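Below is one structure, written out as C-alpha cells; the observations come after it.
The values are calculated or read from the model by the stated rules, or taken from the named source; none is laboratory data. These figures come from a predicted structure and were not determined experimentally. In this analysis, Cβ positions are derived from the backbone assuming ideal geometry, glycine residues included, and neighbour counts consider all displayed protein chains.
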Amino acid sequence: LQIETRLRRALELEELELYYQPIVQASTGKIIGAEALIRWNNPTLGIISPDKFIPLAEETGLIVPIGDWVLNTACKDIKHWQQTTGMNLTIAVNVSPRQFRDGGFIETVNQVLSETQLDPQFLELEITERLILDKSIETSGIFKHLDEKGIKLSIDDFGTGYSALGYLKSYPFDTLKIDKSFVQDVIESSEDAALVTAIITMAHSLGLKVIAEGVEEAPQLGFLNQHNCDYAQGYFFSRPVPAEDFNNWLTKNI
Ligand code: G
Ligand code: G
Ligand code: MN
Ligand code: NA
C-alpha cells in the first residue's frame, strides 16, 4: 500500500497520536505549558516520526484535516489539564504554511476554541520562517486576526531559516524559540554562546519572550539562566511523551 493511502486512512483509523513535551520557566523549572508533537502509530510500520510524514501531508494537502485534528485534540487535552491542576497551562501547536494557505484556518481555530472552551491566551501557534517567506500566503491579515483574538504566536526554529530579520518588527509575535542546534553546543562553542546571547537580547528588546529548545544538560540551563532566557524545553526536563505519561509527569511536577 502506498504510504499516502496509509496516511489518508491513519486519521480515520485513529493511528495518529499527540505526544506532549513540557515547557518550563528557566529560572525555577516550574511548568508553564507543553508543546504538542504528533506521532503516527501504524500497526505494521510502527511509530513514525513527523519528519517522515509531515512533508508528505503538506504535499498532498492532508495536513489540513490532520492539522484540524491536532488543534482540536491539543486544546481539549490542555483544557482538561488546566482543570485537573488548577494551573494556567499554555499549549503550543505547530502549524504548517499550507494550513494558512488553504483557507478556513481562522474558522477552525474559532470553532476549536468555542468547542473546547479554552481561553485563547493559552493557545500558542508555532510558525516557521518558511511561512513568512511564502509570498503566496496572505499572512499579515491572518496574524492580525489571531493576535486580536488574544492567541499567542511564536516563531519556531529561530535562526535556521533564510529570512531577513525585518519580519520580527512587522508581525505580532509573542515568543521566539531558539532552535536546538544553537543550544546543543552552547557550552563548548563560543560562537553558539554568542549567538544565543545575542538572540535573547534582541528578542527581549523587541518585547518577545524566549524559549530555548533542546536543553539536555544542567550546564546549558545554567548558561540560559545567566543570560535571562525565559523558558526552556528539552530532554533535561522530559522527552515528548504520550498524554497519559504527561499527565503522570504533571502530577509529580507541580
Ligand atoms: O517531535 P519531533 O520529533 O520529532 O518533531 C519533528 C518535527 O515535526 C518538528 O519540526 C515539529 O515541528 C514537526 N511537527 C510535530 N508535530 C507537528 C504537528 O502537529 N504539525 C506540524 N505541522 N508539524 C509538526
Ligand atoms: O521543530 P520543532 O521545534 O517544532 O520540534 C521540536 C523537535 O525537537 C521535536 O522533534 C522534538 O522531539 C525534539 N526535541 C525536543 N527536546 C529535545 C532535546 O532535548 N534534544 C533533541 N535532540 N531533540 C529534542
Ligand atoms: Mn515546534
Ligand atoms: Na523548533
Query raised in the report: Out of (1) at positive phi; (2) in contact with a helix residue (DSSP H, G or I) (Cβ under 9 Å, 6 or more places away or on another chain); (3) not charged (D, E, K, R), what's the single condition that is false for Gly46?
Result: (2)
Query - Residue ID - farthest from Leu165 (Cα to Cα), chosen from residues in the range 213-238 that are surrounded by fewer than 20 Cβ atoms within 10 Å (Cβ to Cβ), in contact (Cβ under 8 Å) with a residue 24 or more places away in the chain and within 15 Å of ligand 4 (Cβ to nearest atom) - result: Glu216
Report summary line: When the range 9-35 is checked residue by residue, the ones that are without any contact (Cβ under 8 Å) to a residue 24 or more places away in the chain and either in a strand (DSSP E or B) or farther than 27 Å from Lys177 by Cβ (or both) are Arg9, Glu12, Leu13, Glu14
**Report entry** Members of the range 27-52 that are hydrophobic (A, V, I, L, M, F, W, C) and within 9 Å of ligand 1 (Cβ to nearest atom)
**Finding:** Ala36, Leu37, Ile38
Query raised in the report: Which one is farthest from ligand 3 (Cβ to nearest atom) among residues in the range 66-93 that are hydrophobic (A, V, I, L, M, F, W, C) and assigned to a helix (DSSP H, G or I)?
Result: Trp81
Query raised in the report: So which helices (runs of 4 or more DSSP H) are wholly in the range 94-185 and hold at least 2 residues that are modelled with pLDDT under 95?
Result: 97-101, 129-133, 139-148, 167-170
Report task. Inspect all residues belonging to the range 134-149 and state whether any of them is farther than 21 Å from Thr90 by Cβ, buried (at least 16 other Cβ atoms within 10 Å of the Cβ), polar (S, T, N, Q) and within 12 Å of ligand 2 (Cβ to nearest atom). Result -> no
Query raised in the report: Is it the case that Val210 is assigned to a loop (DSSP other than H, G, I, E, B) and crowded, with 20+ Cβ neighbours inside 10 Å?
Result: no
Query raised in the report: In the set Asp119, Asp77, Asp68, Asp51, which member is of a type in the set (Asp, Glu), within 19 Å of Leu153 (Cα to Cα) and within 17 Å of the chain's Cα centre (by Cα)?
Result: Asp68
Requested in this report: Could you list, in sequence order, all residues of the range 180-207 that are crowded, with 20+ Cβ neighbours inside 10 Å and within 16 Å of ligand 1 (Cβ to nearest atom)?
Outcome: Phe182, Val183
Query raised in the report: Is there any pair with a first residue in the range 44-60 that is farther than 16 Å from Val93 by Cα and away from ligand 2 (no atom under 11 Å from the Cβ) and a second that is in a strand (DSSP E or B) and not small (Gly, Ala, Ser) whose Cβ atoms are under 7 Å apart and which are 6 or more apart or on different chains, and what are they?
Result: Ile47/Arg39; Ile47/Asn41; Ile48/Trp40; Ile48/Asn42; Phe53/Trp40
**Report entry** Residues within the range 194-209 that are more than 12 Å from His227 (Cβ to Cβ) and either modelled with pLDDT under 95 or among the hydroxyl-bearing types (Ser, Thr, Tyr) (or both), tallied
**Finding:** 1
Query raised in the report: Is there a residue in the range 14-31 that is away from ligand 4 (no atom under 16 Å from the Cβ), modelled with pLDDT under 95, farther than 24 Å from Gln111 by Cβ and not β-branched (Val, Ile, Thr)?
Result: no
